[in-house]
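The values are calculated or read from the model by the stated rules, or taken from the named source; none is laboratory data. These numbers were taken from a predicted model, which means no experiment stands behind them. Quick reminder, even Gly has a Cβ in these numbers, built from the backbone with ideal geometry, and neighbours come from all protein chains shown. Calculation scope for accessible area: heavy atoms of the full protein, side chains included, ligands and nucleic acids excluded. Shrake-Rupley method; radii C 1.70, N 1.55, O 1.52, S 1.80 Å.
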Amino acid sequence: MLTKDKKITIIKDFKHHEKDTGSPCVQIALLTERINGLTDHFKTHKHDHNSRHGLLKLVSLRRRLLDYLMKNDKAEYKKIIDKLDLRK
């Protein structure tokens, strides 16, 4: 689960300027944290199909944001992929 303190920490790590809370980098980082939390949830709750549907929506949204970032700013895309360790 994403607590308020953890969310503030993630925003501080990925923001571009002082009041940045909605740039694609920040959104991707927040979505990644939520996806990782849900992935851990499914290790113990294998039959929670409603939450699994929500997970698929989050993954799809993150994919679209990554595609947008790759199309518009390749350097930032590579930096966020490395920082979040999304590609193996």
(message) What is the percent carbon and sulfur in the accessible area of the chain, measuring with a 1.4 Å probe over the protein chains and ignoring ligands?
(response) 55 percent
(message) Taking the Cα centroid of the stretch 50-88 and of the stretch 22-38, what is the distance between the two, rounded to the nearest whole Å?
(response) 8 Å
(message) Please check: in the Gaussian network model of the chain (C-alpha springs, under 10 Å), which one of Leu69, Leu56, Leu38 has the largest mean-square fluctuation.
(response) Leu56
(request) Please label the shape of the stretch 46-88 as rounded, prolate or oblate, based on the square roots a ≥ b ≥ c of the eigenvalues of the alpha-carbon gyration tensor (a/c under 1.5 means rounded; beyond that, a/b larger than b/c means prolate, else oblate). (result) oblate
(request) Just tell me which aspartates and glutamates come within less than 19 Å, Cα to Cα, of Lys7; anything on the same chain fewer than 8 places away is out. (result) Glu18, Asp20, Glu33, Asp40, Asp85
(request) Could you pull out which residues in the stretch 1-32 have an amide N less than 11 Å from a spot 7 Å beyond the Cα of Asn72, following the Cα-Cβ vector? (result) 23-25
(request) Could you list, in their original order, any pairs among Lys43/Lys71; Lys19/Lys79; Lys6/Lys83; Lys4/Lys57; Lys19/Lys43; Lys12/Lys57 whose Cα atoms are separated by more than 28 Å? (result) Lys43/Lys71; Lys19/Lys43
(request) Give the accessible surface of the chain per residue, rounded to a whole number of Å², with probe radius 1.4 Å and ligands, DNA and RNA excluded. (result) 74 Å²
(message) Angle check, please: helix 74-84 long axis (alpha carbons) against the longest principal axis of the chain (alpha carbons), in degrees 0 to 90, nearest 10.
(response) 40 degrees
(message) Angle check, please: helix 49-72 long axis (alpha carbons) against the longest principal axis of the chain (alpha carbons), in degrees 0 to 90, nearest 10.
(response) 20 degrees
(request) Would you calculate, for the chain, the mean residue ellipticity at 222 nm contributed by helices, counting each DSSP H stretch of 4 or more residues as -39,500 (n - 2.57) and dividing by all residues, to the nearest 500? (result) -25500 deg cm²/dmol
